[in-house]
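Okay, so here's the structure we're looking at.
The values are calculated or read from the model by the stated rules, or taken from the named source; none is laboratory data. This structure is a prediction, so every number in the text was calculated from the model and none was measured. Reconstructed Cβ throughout: ideal geometry from the backbone, glycine too, with neighbour counts over all protein chains shown.
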Amino acid sequence: MPPNNGSTVGGPSPKLSRHFAKDPQAVHTIDDLLPELVALRRDLHAHPELAFEERRTAGIVAAALRLLGLEVHEGLAGTGVVGVLRQGGSARTVGLRADMDALPIAEQSRLGHASRHAGVHHGCGHDGHTAMLLGAARQLARTRRFDGTVVFIFQPAEEGRGGARVMIEQGLFERFPCDAVYALHNWPELPLGQAQTRAGPIMAAADRFDIVLRGRGGHAAQPHRTPDVLLAASQLVGQLNTIVARRIDPAENAVLSVTRVQGGHSHNVLPAEATLTGTVRSFDAEAQDQIEAALRAAAAGIALAHGVQAEVSYQRYYPATVNTEAEARLALQAAVAAGLQAAVAPRPAFTSEDFSFMLRERPGAYLWLGQGGPAGQDQPLHHPCYDFNDEALPLGVRWFCAVAEQALSIGPD
C-alpha cells in the first residue's frame, strides 16, 4: 500500500497547528509543551471515534506529524497512521505504539470536555495515549538524542477489533521494520508517578464463547412434551463454572465467566432456544486448549442429557501479551530515566490487549503507567465516568522518549 501524503480528514485543532508550527527552539522542555498536549487530549476526548472510524483523530495525528517534519504514512488498517523520524547513520529501529479508538459507552461525566458523540466514550484513555505519543514525537524531533530510526505507530481499533493484527497483515513491519516495539497503558490501579511491567505474560489471552441450545418449545404447563432449554442452560452455567477449578492445574491462572444468558419471551411458553455467552482469559496455550475442549464437552453432555441440540462458537480473538526479557528490562530502565518509580509487576492482569499481535512479530514490552491517587481518577477503565488523568501526560512523553533514546543510544551498533 503506497503512502498517502495528501490532505487529511478533519484536520488539526487550531491550537495544535499554531504550536507544532513553531520554531523547534521555541519549545525547550516537555513542560513547555504540556498546555497544548492537555488541550489536544481533551479535544480528542470530546470527539471520540469507534474502531476503524478514527478519521478525525487520524487526520489530527497525521497533520501534527507533518508539521514536525516527519515522514508520514496513512491508510494502514484504514485509519492507522505511521510517522518515521530518522537521525544519524545507524540501521537500528524502534517502534512506539499508541491506540486511538474509543468505546461504545455513553459517557456519564459532567466534564467540560465530555463526549459530544452519543454512545461513544474515551473510557480507556486512548486519547491520552495518542497525545503522549505525539508529545514524544515533538520532543524527539527537537532533541534528536538518538542514532537510528523511530517509528511512531498510531493504531486504530484496539477495543476488540484487532487493529494491530490488521496493520500487521497489511504490511506494517515489512514497510517499517522494527528491532523492537513498545507501548504503554494508563493504569488507574497504580498511583500517579509509578510504573510496572514484567518479563513474560503481562496481559491475558481473550476468548469469547457463544453456546446456542435448541429444542422444540411448548406450553409451560406441559413441560413433559418439550425439552427444556432453559433448564439445560441453567445446568450448563453451573458446569462451565467448574472447568477452571476442576480441569486446569491450580498452578495455572485462568478465568471463565458466563456473562449473558438469553431465552424466552413469555411467562407461559417454554422457549425453543436459549443462548449463553461468556469469556475465557488465560496465559498458557495448553490451558487455553483444555478449557475450550472441556467447554465443548460440557455443552455436548448437557445437550445429550436434556434431549436438545448444542451449537458452540469459540473465538480466540486476542493472544496473551508477552514481553521479552531484555525489552521488559529496558522499559523499566526507561521508566527510571523518566523519573518514575519503576517496579516489576507482581502478576499479570486478566484484561487483554491487541498489542499482543505486535509482540508475536517483534521483541518488545508493554508498560503500565500509574495515573491514580489523590490527583488522579476515581473510576476504573471502561467506566462511563472515567477520564484520563492529564497529570500523567508528561510522564508518558518522558517514558516514550527514554525508550527511544535507550534503544537507539548514540554510539556504535
### Task
Restrict the check to region 82-92 and report whether at least one residue is charged (D, E, K, R) and closer than 27 Å to ASP179 by Cα.
yes
### Filter result for LEU68 (farther than 27 Å from PRO363 by Cα, touching a helix residue (DSSP H, G or I) at 6+ places or on another chain (Cβ under 8 Å) and crowded, with 19+ Cβ neighbours inside 10 Å)
yes
### Summary
Selection over region 336-357 where residues are in contact (Cβ under 8 Å) with a residue 12 or more places away in the chain, assigned to a helix (DSSP H, G or I) and over 20 Å from the mean Cα position of the chain (by Cα) yields a count of 1
### Summary
Just one listed residue, out of ALA326, ALA299, is closer than 28 Å to ASN253 by Cα, part of a helix (DSSP H, G or I), outside the structural domain of ALA98 (by TED's automatic domain parsing) and at pLDDT 95 or above, and it is ALA299
### Message
Out of the residues in region 358-380 meeting the condition of being crowded, with 17+ Cβ neighbours inside 10 Å and outside any strand (DSSP E or B), tell me which one is modelled with the lowest pLDDT.
### Response
GLY376
### Query
If you take the residues in region 113-150 that are closer than 22 Å to PRO380 by Cβ and small (Gly, Ala, Ser), which one is surrounded by the most Cβ atoms within 10 Å (Cβ to Cβ)?
ALA131
### Task
Mind listing just one residue for me: the one in region 9-52 that is acidic (Asp, Glu), at pLDDT 80 or above and more than 23 Å from ALA102 (Cβ to Cβ) and, of those, surrounded by the fewest Cβ atoms within 10 Å (Cβ to Cβ)?
ASP31
### Query
(1) under 18 Å from ALA245 (Cα atoms); (2) crowded, with 17+ Cβ neighbours inside 10 Å; (3) in contact with an Asp or Glu (Cβ under 9 Å, 6 or more places away or on another chain): which one isn't true of TYR318, the others all being true?
(1)
